[in-house]
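Below is one structure, written out as structure tokens; the observations come after it.
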Amino acid sequence: MLRYYKITLLSPLFCYNKTEGGVASTEPFIGDIALDYALNFVLAKKREYTYQIKDKPNYEEIKEFGFVWTIGRPIYYEKTPIFARKTSEISDYMVRRDIIEQMGKGLFKNYFHIQGIKEGSVFEASLLTFEDIKLPKTFTLRIGVGRECLLLFEEKEEKPEEIWLNLYTIKKIFGKDVKLKESQMLRFVLSHYIIGTGFKVEDLEKIFSN
């Protein structure tokens, strides 16, 4: 079953997937993998994947969630101002002498510049379910660095004109074959985010029909 959603950022989104001009920037898309884990968290269908603390992710487990999201495609977005973020261990709580002494031996400053996607930006994504998953017409999920970004999902009836797929998810995790058409393009953002643009809903249905 396919469902279509309008996604509105209720707070800024930061995920630092691009470096430009010395700034850790956020590309204007919402990751399908982030959405998969966020929805699984609230559904608590696979608790061992929801609450377990891991050294590194094992994305193969997404196959057991019973659903998969497409990439959140930007409809309208704005970037936030550029902020300087402090990473010092004493920046968020009380001062400790031993930590200050350790910092004095460091070679680099403990801050970096960041830029995210502004609240009010609008995206759209589709949800393909393999099981009977009941969802309200409107709901929220949290994603981003520290899960600080709140997303508002509003289900809509009409099919999107275009969908973006993560070929890492489709090919590596689900083992499905994807053959690109001339109208479709790839963007290599991260090792686990290879975004294919120019797809239609029918393309997604065909990929998972086998």
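Among the protein heavy atoms, those of residue 3 account for about 20 Å² of accessible surface (1.4 Å probe, every chain in place). Sorted on the mean count of surrounding Cβ atoms within 10 Å across their residues, most packed first, peptides 181-188, 75-82, 112-119, 13-20 read 112-119, 13-20, 75-82, 181-188. In region 126-178, if the dipole is taken from +1 on Lys/Arg beta carbons and -1 on Asp/Glu beta carbons about the Cα centre, which of 138, 168, 152 is farthest to the positive end? So the residue furthest toward the plus end is 168.
The values are calculated or read from the model by the stated rules, or taken from the named source; none is laboratory data. Bear in mind the structure is a predicted one, so any value in this text is a computation, not a measurement. Here the Cβ is made from the backbone with ideal geometry for all residues, glycine too, and neighbour counts use every protein chain on show. With ligands, DNA and RNA removed, areas are computed over all heavy atoms of the protein, side chains included. Shrake-Rupley method; radii C 1.70, N 1.55, O 1.52, S 1.80 Å.
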